[in-house]
Amino acid sequence: MAAEPLLPLEILDKCIGSRVWVLLDTGREMVGKLVGCDEYVNIIMEDVTDVDPTVGNLHWPRVLLSGNKVNALIPGGELTKYEKTDVHMSS
């Protein structure tokens, strides 16, 4: 018996509360906990590591990403590269 295919928003809903890796059209990458999203794939994340190979990783307590900028969202994503100097940003 074949499983019914999941729609993209259903997959996003299943990822809420877990870590995701987001690739943006600017070339930036962010890893954090998915808090919420809408039908336009606008994303709210917490405890976010913003990968920037030029200055090191930036840490944000909470971010809102525009769905227009999201190229890919990888469930369970973990940061594996550019793990050098970390810069912590406060809200």
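Throughout, read-outs are computed from the coordinates displayed, never taken from laboratory work. Keep in mind that what you see is a predicted model, and the values were worked out from it rather than measured. Cβ: placed from backbone, ideal geometry, glycine included. Neighbour counts: every protein chain shown.
Miscellaneous remarks
- Sequence-ordered 3J(HN,Hα) estimates for segment 57-63 from the Karplus curve with 6.51, -1.76 and 1.60 and θ = phi - 60° stand at 7, 9, 10, 10, x, 7, 9 Hz, glycine and proline given as x.
- Percentage relative contact order, segment 1-70, counting C-alpha pairs under 8 Å, at least six apart: 25 percent
- Shape parameters for segment 8-78, alpha-carbon atoms, Rg then Dmax in Å: 11.1, 36
- Under the simplified labelling scheme, the N42-K69 pair shows an inter-label distance of 1.3 nm, with each label point 7 Å from Cα along Cα→Cβ.
- Among V31, V55, the ranking by other beta carbons within 10 Å of each residue's beta carbon, starting with the fewest, stands as V55, V31.
- For the peptides 18-27, 43-52, 66-75, 4-13, the ranking by mean Cβ contacts within 10 Å, running from highest to lowest, is 43-52, 18-27, 66-75, 4-13.
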